[in-house]
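The values are calculated or read from the model by the stated rules, or taken from the named source; none is laboratory data. Quick caveat, the model's predicted, so the values are computed rather than measured. Note: areas computed on protein heavy atoms with side chains; ligands, DNA, RNA excluded. Shrake-Rupley method; radii C 1.70, N 1.55, O 1.52, S 1.80 Å.
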Amino acid sequence: MIKISHLAAMLVAGVIAAAPVFAADKGGAVATVNGQAIPQNAFNAFIAQQKAQGAQDSPELQAAVKEELIRREILVQEAKKKGLDKNPAVQGQIELARQAVLIQAFLSDYVRANPISDDQLRKEYDAIKSSFGTTEFKAKHILVTTEEEAKAIIAKLEKGESFAELAKQSKDPGSREKGGELGWNPPSVYAKPFADALTKLKKGDLTKAPVKTDFGYHVIFLEDTRPLNPPPFEQIKPQLQQRAQQQQIEQLVKKLRESAKVN
């Protein structure tokens with residue numbers, strides 16, 4: 001089952017992609033293929049999509065879009081001749097596509113009618129910045145299954161054996177081949193027991209006892225620390241806005257689901 005948060009993320013992406021869905025439509029037909037009209041509003045929607053993807057409106061773009069719509073209509077007519085439009089599987093796909101267009105139109109309208117203010121985004125920015133703290137840590141670790149394994153590794157390290165060599169035993173594929181290196185991160189990115197142990201270490205220190213998390217037992221070594229300099233608000237404002245819209249849509253979908261009568 002798709003979780004609401006994942007659904008909201010997909011819907012936000014759809015809203016952004018379909019933002020020009022409300023472009024003004026004009027009546028009439030842009031062309032006729034074997035007696036079947038290609039409506040002007042389909043042409044307008046196609047042009048709006050291309051412009052949203054960075055294309056510049058021009059006679060060349062309009063000609064290309066018209067030709068594409070003509071070719072599509074020819075193929076649709078051929079599909080109908082074979083009765084493919086009556087195929088239940090095809091009808092199901094058409095229904096899903098119809099739903100997607102309507103959902104994107106509804107959510108585009110909702111997002112536009114309920115804009116996220118800069119004040120809201122700045123509060124979110126400040127909260128995230130606060131959660132990261134003022135220091136980031138450069139650490140490395142070795143993750144194993146049992147406490148006994150971790151204790152044995154600590155004993156070997158204290159005798160001077162190579163951390164990089166022992167890290168080859170680690171269950172963490174992301175750091176194992178890098179000698180256990182985790183790079184620079186604030187403590188908040190780690191599981192709480194890991195973060196608590198890390199922040200108690202001094203530069204060059206090794207944990208004296210294994211640190212247990214849901215992933216297993218860690219041996220942690222602190223290489224260095226430095227002041228944390230978060231990116232400025234304006235730099236990450238687009239990501240904050242998308243996240244806020246995702247949460248906004250998630251709340252909307254949840255509210256509508258709760259009030260819906262489903263048999």
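Miscellaneous remarks
- For the range 168-219: rounded, prolate or oblate by the Cα gyration tensor [a/c cutoff 1.5]: rounded
- Residues whose placed amide H lies under 5 Å from that of residue 172, excluding near-sequence neighbours: 143
- Cα gyration tensor category, rounded, prolate or oblate, for the range 76-163 with a/c compared to 1.5: oblate
- Taking only protein heavy atoms and a 1.4 Å probe, the accessible area of the range 156-263 is 50% carbon and sulfur.
- Inter-part distance where the range 186-231 and the range 124-151 are each reduced to a Cα centre, Å: 4 Å
- Three-way shape label, the range 202-263, alpha-carbon gyration tensor, a/c 1.5: oblate
- Solvent-accessible area per residue, Å², over the chain with all protein chains present [probe radius 1.4 Å]: 65 Å²
- Where the alpha-carbon atoms of the range 113-188 are placed on the principal axes, they occupy 61, 25, 22 Å, in descending order.
- One quarter of the surface of the convex hull around the alpha-carbon atoms of the chain equals 22.5 nm², the direction-averaged projected area.
- Considering helices alone, the calculated mean residue ellipticity of the chain at 222 nm is -18000 deg cm²/dmol, with DSSP H runs of length four and up weighted by -39500 (n - 2.57) and normalised per residue.
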